[in-house]
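Visitor: Below is one structure. I have some questions about it.
The values are calculated or read from the model by the stated rules, or taken from the named source; none is laboratory data. Keep in mind that this is a model prediction, so the values were computed, not measured. Quick reminder, even Gly has a Cβ in these numbers, built from the backbone with ideal geometry, and neighbours come from all protein chains shown. Surface areas here come from the heavy atoms of the whole protein model, side chains and all, with no ligands, DNA or RNA. Shrake-Rupley method; radii C 1.70, N 1.55, O 1.52, S 1.80 Å.
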Amino acid sequence: MSLSLAGKTYVVMGVANKRSIAWGIARSLHNAGARLIFTYAGERIESSVRELANSLEAEGTLVLPCDVTSDEAISTCFAEIKEAVGTIHGLAHCIAFAKTEELKGEFVNTSRDGFLLAQNISSYSLTAVAKQASGLMAEGGSIVTLTYIGGERAIPNYNVMGVAKASLDASVRYLAADLGKHGIRVNSISAGPIRTLSAKAIGEFNLILSEIEERAPLRRTTTPEEVGDTAIFLFSDLSRGITGENIHVDSGFHIL
Ligand code: NAD
């Protein structure tokens with residue numbers, strides 16, 4: 001049993017820029033010798049994802065579009081992956097979205113549209129991509145998604161995204177129950193707050209960060225590298241007995 005992922009192929013969904021947690025996961029996977037396939041949503045970030053992917057100077061890296069709001073885009077993307085590599089060994093789902101105006105103030109003001117949008121992109125997308133990806137995991141596999149403590153507790157301003165994370169957390173358990181018989185494991189990492197593009201949308205994010213620095217057992221904020229290294233543990237056979245689980249990588253904040 002080892003943490004080398006040489007000879008294995010992983011799909012990383014959700015790199016937007018170098019601050020993205022998905023990029024932290026991609027670097028850990030790359031360092032472990034894995035081959036990477038990146039997916040992105042929208043032409044606006046395509047060049048940034050291509051630039052980052054090229055910076056790895058790794059042979060066989062692919063970059064493909066995949067807007068998770070479209071079933072057609074998801075099936076086209078995985079058909080292309082199948083054609084290019086045949087088998088994949090894992091997938092990192094690092095995707096979330098909610099309207100900025102619903103990430104501040106009171107949750108009770110959440111609109112129907114905003115609620116459904118957050119659920120669609122941040123939660124249902126895991127099930128949609130797990131269905132397609134599992135078809136390419138002929139040798140078994142590991143799916144990892146990113147969640148946040150705001151799905152377990154009411155965290156100020158996290159609001160509609162907290163409810164989407166609770167639904168994502170439940171989806172991890174149901175997917176793990178379904179896919180386990182095919183040797184496919186499904187787990188989540190609950191990351192501590194990290195300053196990324198998405199995090200900027202959350203009201204008073206700086207206060208959340210300073211609370212971690214002051215109160216979390218490790219007295220420091222979480223880094224994308226820490227999340228990436230936990231992800232490769234979940235991708236490797238070192239974690240072969242773990243599925244349906246959520247691992248907090250948050251300097252211990254969740255115990256308080
Ligand atoms: P990020 O903005 O770098 O990544 C979010 C990604 O979601 C972006 O790449 C964006 O393009 C993608 N996305 C949005 N709509 C999409 C769509 N329709 N189709 C495909 N992709 C779409 O921010 P991040 O913080 O790295 O977020 C990654 C994940 O980590 C999210 O699930 C987020 O909730 C989770 N997370 C973040 C933190 C944090 O503090 N940053 C903490 C815990 C969990």
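Visitor: Is it the case that the stretch 115-122 has a residue that's within 23 Å of G228 (Cβ to Cβ) and modelled with pLDDT of 95 or more?
Guide: Yes, the stretch 115-122 contains at least one residue that is within 23 Å of G228 (Cβ to Cβ) and modelled with pLDDT of 95 or more.
Visitor: Another question about this same structure. Check whether at least one residue in the stretch 190-203 is within 26 Å of K8 (Cα to Cα), in contact (Cβ under 8 Å) with a residue 60 or more places away in the chain and within 12 Å of the ligand (Cβ to nearest atom), and report yes or no. Give the steps one after another, and end with the answer.
Guide: Here is the first cut: in the stretch 190-203, the ones within 26 Å of K8 (Cα to Cα) are 190-191.
Checking the rest, the ones that are also in contact (Cβ under 8 Å) with a residue 60 or more places away in the chain come to 190-191.
Narrowing further to those that are within 12 Å of the ligand (Cβ to nearest atom): 190-191.
Checked the stretch 190-203: at least one residue is within 26 Å of K8 (Cα to Cα), in contact (Cβ under 8 Å) with a residue 60 or more places away in the chain and within 12 Å of the ligand (Cβ to nearest atom).
Visitor: Evaluate the following for S111: is it more than 18 Å from P193 (Cβ to Cβ) and touching a strand residue (DSSP E or B) at 6+ places or on another chain (Cβ under 8 Å)?
Guide: Details: more than 18 Å from P193 (Cβ to Cβ): yes; touching a strand residue (DSSP E or B) at 6+ places or on another chain (Cβ under 8 Å): no.
Against the criterion (more than 18 Å from P193 (Cβ to Cβ) and touching a strand residue (DSSP E or B) at 6+ places or on another chain (Cβ under 8 Å)), S111 does not qualify.
Visitor: Residues to consider are S142, S134; find the one that is open to solvent by 10 Å² or more (accessible area, probe 1.4 Å) and more than 10 Å from the ligand (Cβ to nearest atom). Lay out the reasoning, then the answer.
Guide: Numbers: S142 fails: open to solvent by 10 Å² or more (accessible area, probe 1.4 Å).
Matching residue, one of S142, S134: S134.
Visitor: Restricting attention to the stretch 16-70, and to residues there that are within 11 Å of the ligand (Cβ to nearest atom) and of a type in the set (D, E), which single residue is farthest from L117 (Cα to Cα)?
Guide: Taking the candidates together, the pick is E46.
Visitor: Please enumerate the residues belonging to the stretch 1-15 that are out of contact with any Ser or Thr (no Cβ under 6 Å at 6 or more places or on another chain) and within 8 Å of the ligand (Cβ to nearest atom). Steps first, answer last, please.
Guide: Quick first cut of the stretch 1-15, residues out of contact with any Ser or Thr (no Cβ under 6 Å at 6 or more places or on another chain) only: 1-2, 4-12, 14-15.
Selection gives G14, V15.
Visitor: Output the residues belonging to the stretch 220-254 that are over 24 Å from L175 (Cβ atoms) and either part of a loop (DSSP other than H, G, I, E, B) or in contact with a strand residue (DSSP E or B) (Cβ under 8 Å, 6 or more places away or on another chain) (or both).
Guide: Hits for the stretch 220-254 are R220, T221, T222, T223, E226, S251, G252.
Visitor: On the given criteria, is A216 open to solvent by less than 30 Å² (accessible area, probe 1.4 Å) and over 27 Å from A16 (Cα atoms)?
Guide: Working: open to solvent by less than 30 Å² (accessible area, probe 1.4 Å): yes; over 27 Å from A16 (Cα atoms): yes.
Answer is yes for this residue.
Visitor: Which pairs turn up if I take residues in the stretch 236-256 that are free of Cβ contacts under 8 Å to residues at least 40 places away in the same chain and look for partners that are among the polar types (S, T, N, Q) and surrounded by fewer than 20 Cβ atoms within 10 Å (Cβ to Cβ) with beta carbon separation below 8 Å, at least 6 apart in sequence or on another chain?
Guide: none
Visitor: Continuing with this model, one more query. One residue is enough: does the stretch 100-121 have a residue meeting the conditions touching a Leu at 6+ places or on another chain (Cβ under 6 Å) and not aromatic (F, W, Y)?
Guide: Applying the first criterion (touching a Leu at 6+ places or on another chain (Cβ under 6 Å)) to the stretch 100-121 yields none.
Checking the stretch 100-121: not a single residue is touching a Leu at 6+ places or on another chain (Cβ under 6 Å) and not aromatic (F, W, Y).
Visitor: From the list I208, I184, pick out the single residue that is within 11 Å of the ligand (Cβ to nearest atom) and not acidic (D, E).
Guide: On inspection, the qualifying residue turns out to be I208.
Visitor: Please work out which residue is farthest from the chain's Cα centre (by Cα), limiting yourself to the stretch 124-162 and to residues that are among the β-branched types (V, I, T) and under 30 Å from T76 (Cβ atoms).
Guide: Within the stretch 124-162, the match that is farthest from the chain's Cα centre (by Cα) is V160.
Visitor: Could you name every one of the strands (runs of 3 or more DSSP E) located completely within the stretch 8-119 that has at least 2 residues being surrounded by fewer than 21 Cβ atoms within 10 Å (Cβ to Cβ)? Even if it seems obvious, please write down each step before you answer.
Guide: Working: elements: 9-13, 35-40, 62-65, 90-93.
Here the list reads 62-65.
Visitor: Determine whether the stretch 194-211 contains at least one residue that is part of a helix (DSSP H, G or I) and among the basic types (K, R). Show your work before the answer.
Guide: Here is the first cut: in the stretch 194-211, the ones part of a helix (DSSP H, G or I) are 199-201, 205-211.
Applying the additional criterion that residues be among the basic types (K, R) yields 200.
Yes; the residues of the stretch 194-211 include at least one that is part of a helix (DSSP H, G or I) and among the basic types (K, R).
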